[in-house]
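The values are calculated or read from the model by the stated rules, or taken from the named source; none is laboratory data. Source: prediction; values computed, not measured. Counting neighbours? That spans all protein chains shown, and the Cβs are built from the backbone with ideal geometry, glycine included. Ligands, DNA and RNA are excluded from the accessible area calculation, which covers all protein heavy atoms including side chains. Shrake-Rupley method; radii C 1.70, N 1.55, O 1.52, S 1.80 Å.
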Amino acid sequence: MSEQLGSRKGLQTKDIVLCGILMALTTVMTMIVQIPVIGAHGYVNMGDTVVLFTALYLGKKEGAIVGGLGSALADLISGYGVYAPVTLIAKGLEGFVCGLIAEKVSGRAGRIIGTLVGGIIMVTGYFIGEIFMYGLKTSAAAVPANSMQAIFGIITSLVIYAGVSRAMHKSK
């Protein structure tokens, strides 16, 4: 557990399979609970939990792939295809930057800072994207809901990471 999979050279088959599973889980977690945002056009979901966990557990590259592709796929399947390009970028950057910070700043501090910055990037990414899509007023209306989604994702990903880390440590 001391080494993130993303820090090894080359991808192994099990890494690709694990990314595929986590991408599918991101899609499902994004779709399973969709709370429409009043005054805006999007929805609040639980996909950030998986995006941030993946970035912490596997690393920045996997966090970007799982976050961007898994979340954009959920938009396409759910009828929110107009959001897919913004989601691809916002969630991809969320996963990448979270994983990068967790890689550079060791321990709990790196994980906390990484998830916080990742959450801020997600909220900012949607804010900027929605300005171009719907205008400043509608974009601003979605910030509180996106912020709550980020906070939920940060807390749950850290809790899940801690539990998985303990379980993996005990199995060694």
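Remarks
- In nm, spacing of pseudo-spin labels at ILE113 and VAL159 (7 Å Cα→C-beta vector): 2.6
- The residues PHE127, PHE152, PHE53, sorted by heavy-atom accessible surface at 1.4 Å with ligands and nucleic acids left out, run PHE152, PHE127, PHE53 from largest to smallest.
- Note on surface exposure: SER165, SER106 rank SER106, SER165 by accessible area, highest first, 1.4 Å probe.
- Exposure check, 1.4 Å probe, all protein chains in place: PHE96 carries approximately 70 Å² of accessible surface.
- The chain: calculated mean residue ellipticity at 222 nm from DSSP helix runs of at least 4, using -39500 (n - 2.57): -25500 deg cm²/dmol
- Ligands, DNA and RNA excluded, the heavy atoms of ILE35 present near 90 Å² of accessible surface to a 1.4 Å solvent probe.
- Considering the chain, its Cα convex hull presents a mean projected area of 9.3 nm².
- Residue of ALA74, ALA140, ALA109 that the Gaussian network model of the chain assigns the largest fluctuation, springs spanning Cα pairs under 10 Å: ALA109
- Pair-distance profile P(r), taking every C-alpha pair of segment 57-106, with 10 angstrom steps and integer %: 33, 43, 20, 5
- Radius, Kirkwood style, for segment 9-59 when every pair of distinct Cα atoms is counted (Å): 12.2
- Quick note on segment 117-171: its Rg to Rh ratio, both from C-alpha atoms and Rh being the Kirkwood radius, is 1.24.
- Accessible solvent surface per residue of the chain, calculated while the other protein chains remain in place, 1.4 angstrom probe, Å²: 50
- Percentage relative contact order, segment 83-149, counting C-alpha pairs under 8 Å, at least six apart: 30
- Our summary gives segment 11-170 a relative contact order of 24 percent, counting only alpha carbon pairs under 8 angstrom and 6 or more residues apart.
- Longest to shortest principal axis, alpha-carbon extents of segment 30-125, angstrom: 39, 23, 21
- Most fluctuating residue given options ILE32, ILE89, ILE65, as computed from a GNM of the chain linking Cα atoms under 10 Å: ILE32
- Mean-position separation - Cα centroids, segment 70-134 and segment 135-172, in angstrom: 11
- Accessible area (Å², 1.4 Å probe, nearest 10) - TYR161: 30
- GNM top mover of LYS61, LYS91, LYS137 - the chain, alpha-carbon springs below 10 Å: LYS137
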